[in-house]
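The values are calculated or read from the model by the stated rules, or taken from the named source; none is laboratory data. Keep in mind that this is a model prediction, so the values were computed, not measured. We place every Cβ from the backbone using ideal geometry, glycine too, and count neighbours over all the protein chains shown. For the accessible areas, the whole protein counts, side chains as well, though only heavy atoms, and no ligand, DNA or RNA atoms are used. Shrake-Rupley method; radii C 1.70, N 1.55, O 1.52, S 1.80 Å.
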Amino acid sequence: MTQKIKVMLVDDEDRFRETASMLLTKKGFDTTIAGSGEEAIQILRATPRDVVVLDVKMEGMDGEAALAEIKTISPKTQVIMLTGHGTQDSAANSRKLAAFDYLAKPCDIDILAAKIKEAYAVVNTDAARTEKKVKDIMTQVDDYTTVTVDTTIREAVGKLMDSQTQLVSGNMIREAGHRSLIVFDRDGNYAGLLRMKDLIREVRPGYLSVPESSRAESVRFSHAFTGGWDGLFTIQMRTLADKKIGELTLDSPPMIDKDANLMEVADLLFKTQRTRLIVTSDKKVVGILREQDLFFEIVSIVTR
């Protein structure tokens, strides 16, 4: 029989406390209730709990004071802050005090139940201790091919080709797919990313990308005469080759801190539908994290 997760719900609103407790119990949790921070501390001293769901705004001992005390007497107990009066400052303070999460009322009971299970898992598995951070799976700037805004497209293509050749001859399988260059400005500041996709975009004549307008109307029949494009790719590419990277519109992938966790990576990649993230430390670019880097960590976890 699976052991029930021991949860304590702390809230000074009687109706909310009773209703939420009933719903959590129905979902299979061993639920205890407390009407104040002081009462919660007394209960916790006598009966350890796996997870505490704690209101922030309460009479007497407020949630942050109760959180600090809970972490002192029972460091392994995970605390989820739950409030109808949340602020960024309050959330930041709760994080500093080692709260597991900070949720706003009204909170969907399924979300709260999921968060309780996640908090319990942190204590009862080694996942949190063994899971890597962004800095552990990213490719560092020094190991990635970099160029400047003054580098020509001709030189950039050569660098891309060199990196592919090195990858083929090396044994770093996870490095396969190095299809972009990190670009810096003349002062050494990050300026963007140059991808193979950007070269394909730039080689196309400008009129193919015009919005609906008189110019677009002018070429609306042109696509039926693609035979007239013979040789155009070579002509356009030769012209593009002597341009400097700074003349192009560079890609700007989302940024993520080197100490971020992998769930943040997965969420950001999915939400933005991107394949790369720029990794920062104190606002300085220190690396790049690619979709395949996360995939290789997935392989490591599921085959471990």
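Here the label points at Gln42 and Thr249, each 7 Å from Cα along the C-beta direction, are separated by 6.6 nm in the simple model. Of the residues Lys135, Lys105, Lys117, the one that moves most in a GNM of the chain with alpha-carbon contacts below 10 Å is Lys105. Residues considered: Leu54, Leu232, Leu199. Largest GNM mean-square fluctuation over the chain, using C-alpha springs under 10 Å, is found at Leu232. Considering only Cα atoms, the convex hull volume of the range 2-78 works out to 73 Å³ per residue. Listed by chain and number, the lysines whose alpha-carbon sits under 19 Å from that of Lys284, ignoring those within fewer than 8 places in the same chain, are Lys133, Lys135, Lys258. What the chain shows is 59 Å² of accessible area per residue, with the surface traced by a 1.4 Å probe over protein heavy atoms.
Ligands, DNA and RNA left out, the 1.4 Å accessible surface of the chain is 53% carbon and sulfur atoms. Between the Cα long axis of helix 37-46 and the first principal axis of the chain there is an angle of about 80°, rounded to the nearest 10.
Of all the options Ile235, Ile33, Ile80, the one that moves most in a Gaussian network model of the chain with Cα springs shorter than 10 angstrom is Ile235. The label point for Gln273 and the one for Asp257, both projected 7 Å from the Cα toward the Cβ, are 2.9 nm apart. Rounded to 0.05, the FRET efficiency of the Ala241 and Asp187 pair, given R0 = 35 Å and the Cβ-Cβ distance, is 0.85. Each DSSP beta bridge with both residues in the range 232-290 is either parallel or antiparallel, and the antiparallel ones are about 65%. Measuring r between the beta carbons of Lys57 and Leu23 and using R0 = 30 Å, the FRET efficiency lands at 0.90. A straight Cα-to-Cα reach below 21 Å connects Lys243 with the lysines Lys159, Lys197, residues fewer than 8 places away in its own chain not being considered.
Pairs of alpha carbons in the chain separated by more than 32 Å make up 50% of all such pairs.
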